[in-house]
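Novice: Have a look at the structure that comes next, please.
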Amino acid sequence: MPPGSDIPRGTATATSPARYPVVAGGPHGYTSLMVDDLETELPLPGGRHVGGVRVGDTVRRGTGPWTPAAGPSSRELDLAFTALTWVPLLTPGAVAGAGLTDVDDRPRRLRLLLDAYGHDGDPAAFALVVAARARLNAEVIRRLGTDVLAPVAAGYEQSAREIDAAAPTFWA
């Protein structure tokens, strides 16, 4: 069956020796395209996206104020985020509502997490990474300019200060 022959009659089409079929429409008023150009940007269907386009078999979107905290990062920075939220190393007031009130168990949970992820670095040096990650999260939230999230940013900043002040035995 030739590319595009299964498209309903009356639907506009563009075909080429297609490797990347892209449905940008169909019977609901869209256009079906067959694309083999890996640089052609095609709008995403559905209207529930924020500026995303399809290029080949990837979806791309422009940057925003969250960009420094999204996308590729180091394994250690990702682990720091997990430590913040799972151990949790966030300030106790920020996580008490979720029932995480046993702050004395945090060093054990941190060691469990680091061991499970095969972290072989210096735990005291990791403390600096966790504090930096908390500050990065606060910065990104503040850059969004949404007043309702200001307390969340403040919580990350307070968490960073508490991590900086933690006794060395906490990280051992």
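Readers should treat all values here as calculations from the given coordinates under stated rules, not as data from a laboratory. As the structure is a prediction and not an experimental result, all values here were calculated from the model.
Novice: Need one number for region 67-171: average projected area of the convex hull over its C-alpha atoms, nm².
Specialist: 6.6
Novice: OK, next. Fully extended, how many nm does the chain gain between Leu144 and Glu41 (0.36 nm per residue separation, minus their Cα-Cα distance)?
Specialist: Extra length available between Leu144 and Glu41 comes to 34.4 nm.
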